[in-house]
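Below is one structure, written out as structure tokens; comments come after it.
Derivation of every value follows stated rules applied to the coordinates shown; laboratory data play no part. Since this is a predicted model, take the numbers as computed values, not measurements. Quick reminder, even Gly has a Cβ in these numbers, built from the backbone with ideal geometry, and neighbours come from all protein chains shown.
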Amino acid sequence: IGLHAGDVYSNNLANASTPGFRVDRATVGSFQKVLLPQLTTANGAPAAIAQSATMNPTTVDLTQGGLQTTSNPLDVAIEGQGWFALGTAAGESYTRDGHFELAVDGTLQTPNGYPVLGDNGPLVMPGNEAVTINEQGQVFSGKNLVGHLKLVQFTNPSGLVKQGNNLVSGGAPVADNGSTVRQGMIESSNADTMRTMVDMMAMMRYVEMNQKVIQTQDASLGQVIDIARH
């Protein structure tokens, strides 16, 4: 529980300044009895001498981050539930990080080289015209309409899987028609460092409690063995 939670909180803190990053939430689940099948109570049931907290699966927090003005025409933020669709070697993936650039051939892409997808495939800018993206996600090169940003939202957010490089997959994506696109802006990470530190301290208390459970279990088991020997 402690190692897993520590990894989650460390990753959240490390990405506090990553554009569009979505934090993972780690929560403690139910308390479970530690059963000792080799020992039984008077009625023959397995003896339970302690309890231990369990960790729930982590979930991705989809709360929107703040929008910051950059005035870079290739910086694009989403106001709403939408996500940008990207083409990757593993298939279509999604991100809220709209810090884009143009490849040598004019393809709109991420700094890692993933092409940004429109409704009909990668968006490629002809020539050296200025790039304009309106609030509906239409992409223009000069006065020419190049395409429309493919935006999705997730019908099953609990099924999201992080892929690294600020990408996610899964989640049963469907077309998003309710979000607003903001050119010249970037979305901040939704990591709240103060909340993360508070959550981390709370988790440490659970870790300490589990350590005491183990110590209690060891002491109780030792007493049972001593009694059995005599």
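Points to keep in mind about this one:
- Amide H contacts of Val139 (H built 1.01 Å from N, under 5 Å, at least 5 apart or other chain): Val146, Gly147, His148, Leu149
- In segment 107-198, the GluC sites (Glu not before Pro) that fall in loop regions by DSSP, at most 15 other Cβ within 10 Å: Glu129, Glu135
- Amide proton proximity set for Gly20, modelled H, under 5 Å, gap of 5+: Glu187, Ser188, Ser189
- Rounded if a/c under 1.5, otherwise prolate or oblate - segment 153-197, Cα gyration tensor axes: oblate
- Restricting the trypsin sites (Lys or Arg not before Pro) of segment 126-192 to loop positions (DSSP other than H, G, I, E, B) with no more than 10 neighbouring Cβ atoms within 10 Å leaves Lys143.
- Along segment 147-160 the Karplus relation, 6.51 cos²θ - 1.76 cosθ + 1.60 evaluated at θ = phi - 60°, assigns HN-Hα couplings of x, 10, 3, 7, 10, 10, 10, 10, 8, 9, x, 5, x, 5 Hz to successive residues, with x for each Gly and Pro.
- Taking Lys and Arg as +1 and Asp and Glu as -1, the other residues whose beta-carbon sits under 12 Å from that of Gly98 total -3.
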